[in-house]
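Presented below is the structure to which this report refers.
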Amino acid sequence: MTSESAIHGALTALRCILQLTRRDRVMIVCDEELLSLGSVFQRASIQITPTTVMMLLAQRHKRTEQLAIIEEMMEAYRPVVAVNILRVSAEDTPFRIRLLTLEHDVGCRVGHMPGPRYEWLVEGPLALSDEDYEDIMKRADSILQRVSGKREVRITTPDGTDFRFELDTSRPWKTDCIPGMDWFVNLPVGEVFTAPIEESGEGVLVVRGAIGDLGTPPSPLRLYVREGRVERVLCEDRGFAKRVWDVLNYDEGSRLLGEFGIGLNPHASPFSDSMLEAEKAANTIHIAFGYNASFKGKNNSEMHRDFLVLNPRVELEGEPLPTALYRR
């Protein structure tokens, strides 16, 4: 049975982040196995606009068949807002990219959820009030103002992280927290991020939070970085360290610095097995290695892995970023 708190979480996200109004046409694209979550968003959307449809993607159909049906539906319906509620698997990445391209071409505002959880709407990163969203937006805006024009960043933590890198001021900072900054956001929201100068990273990162799709390390993981590339990975669990090292050696760019992000969502867990949630957690930063070309970097690796660092101190050209902006 759908809880009222879940509907309230979906309704608030639709209104505050996707700025849904009564005049908008909504299309919810939902995998069949996630129907319970899709139904919540459908019921929430109908409370705002009656022109809401759901396209259920049957498991028996191939992704190529589904894309053809979606494209036909979009051409006929011309949605203004799209909500994607999709399973996650590596082989589905081309499908998700093609779906987002279709939605962009139609002119949609998109809320994208690969691998979402129903409980996020009840007590997790999507269980936010209007006041929560307003607070996150204000803090994101304040961070964007403070990082503008800054070139040097240093990250330190009590457990040993000491990592420096440089920024290219021509590369944009982005956030999913402020409506209208981009046509497409992942849900849940809660980060400010940019593409650093790839070869500038120097130092050590101590990772105790989630790592991409590898989960939380069994003991603190240390990444040693020189000239932007991971040169060594250490962990008491040598098997886990090898798994990380293998992922980071996927291709030529996969060990190269790709992203710096700051988490802002007070209800997100840094230990979640979903990076979609973990990277948004307040009181964390994440450093990614690999692909960043979509946000104006130059790394075209086919891999992108985020590494979550807890309890960070962020310094911009020697001045600390106020912790009140990114802590719970």
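Here is how the numbers come out for the structure above:
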| item | result |
| --- | --- |
| Region 170-200, residues that are more than 13 Å from the chain's Cα centre (by Cα) and of a type in the set (S, T, Y) | S170, S200 |
| Search result, residues across region 62-77 that are surrounded by 13 or more Cβ atoms within 10 Å (Cβ to Cβ) and of a type outside the set (D, E) | R63, Q66, L67, I69, I70, M73, M74, Y77 |
| Selection status of M137, assigned to a strand (DSSP E or B), of a type outside the set (S, T, Y) and out of contact with any Asp or Glu (no Cβ under 7 Å at 6 or more places or on another chain) | no |
| Identity of the residue in region 316-328, more than 23 Å from P266 (Cβ to Cβ) and touching a residue at least 60 places away in the same chain (Cβ under 8 Å), that ends up surrounded by the most Cβ atoms within 10 Å (Cβ to Cβ) | E317 |
| Some residue of region 17-27 being assigned to a strand (DSSP E or B) and among the acidic types (D, E) | no |
| Filter pass, A268 being touching a Gly at 6+ places or on another chain (Cβ under 9 Å), among the hydrophobic types (A, V, I, L, M, F, W, C) and part of a loop (DSSP other than H, G, I, E, B) | yes |
| Candidates G258, G212, G239, G253, filtered to the one that is within 20 Å of R164 (Cβ to Cβ) and among the small types (G, A, S) | G258 |
| Residue selected from region 57-86 under the condition among the hydrophobic types (A, V, I, L, M, F, W, C) and assigned to a loop (DSSP other than H, G, I, E, B), by the criterion nearest to E32 (Cα to Cα) | A58 |
| Per-region count, region 201-237, residues more than 23 Å from the chain's Cα centre (by Cα), outside any loop (DSSP other than H, G, I, E, B) and under 13 Å from L256 (Cα atoms) | 6 |
| Failed criterion for D92 (all others in (1) modelled with pLDDT under 95; (2) more than 18 Å from F184 (Cα to Cα); (3) surrounded by fewer than 15 Cβ atoms within 10 Å (Cβ to Cβ) hold) | (3) |
| Residue match in region 183-197 (condition: touching a Cys at 6+ places or on another chain (Cβ under 6 Å), assigned to a helix (DSSP H, G or I), under 25 Å from F41 (Cβ atoms) and not polar (S, T, N, Q)) | no |
| Residues (modelled with pLDDT under 95, assigned to a loop (DSSP other than H, G, I, E, B) and either in contact with a Ser or Thr (Cβ under 8 Å, 6 or more places away or on another chain) or buried (at least 17 other Cβ atoms within 10 Å of the Cβ) (or both)) located in region 300-315 | S301, E302, M303 |
| Residues (among the β-branched types (V, I, T) and either within 20 Å of G212 (Cβ to Cβ) or free of Cβ contacts under 8 Å to residues at least 12 places away in the same chain (or both)) located in region 66-97 | V88, T93, I97 |
| Test: residue in region 250-265 that is closer than 26 Å to G124 by Cβ and in a loop (DSSP other than H, G, I, E, B) | yes |
| Hits in region 8-50 - residues which are under 23 Å from M137 (Cβ atoms), hydrophobic (A, V, I, L, M, F, W, C), surrounded by fewer than 24 Cβ atoms within 10 Å (Cβ to Cβ) and free of Cβ contacts under 8 Å to residues at least 60 places away in the same chain | L11, I48 |
| Answer residue from region 104-121, given it is at pLDDT 95 or above and part of a helix (DSSP H, G or I) and is surrounded by the fewest Cβ atoms within 10 Å (Cβ to Cβ) among those | W120 |
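The values are calculated or read from the model by the stated rules, or taken from the named source; none is laboratory data. Being a predicted model, the structure only gives us computed values, none of them experimental. Here the Cβ is made from the backbone with ideal geometry for all residues, glycine too, and neighbour counts use every protein chain on show.
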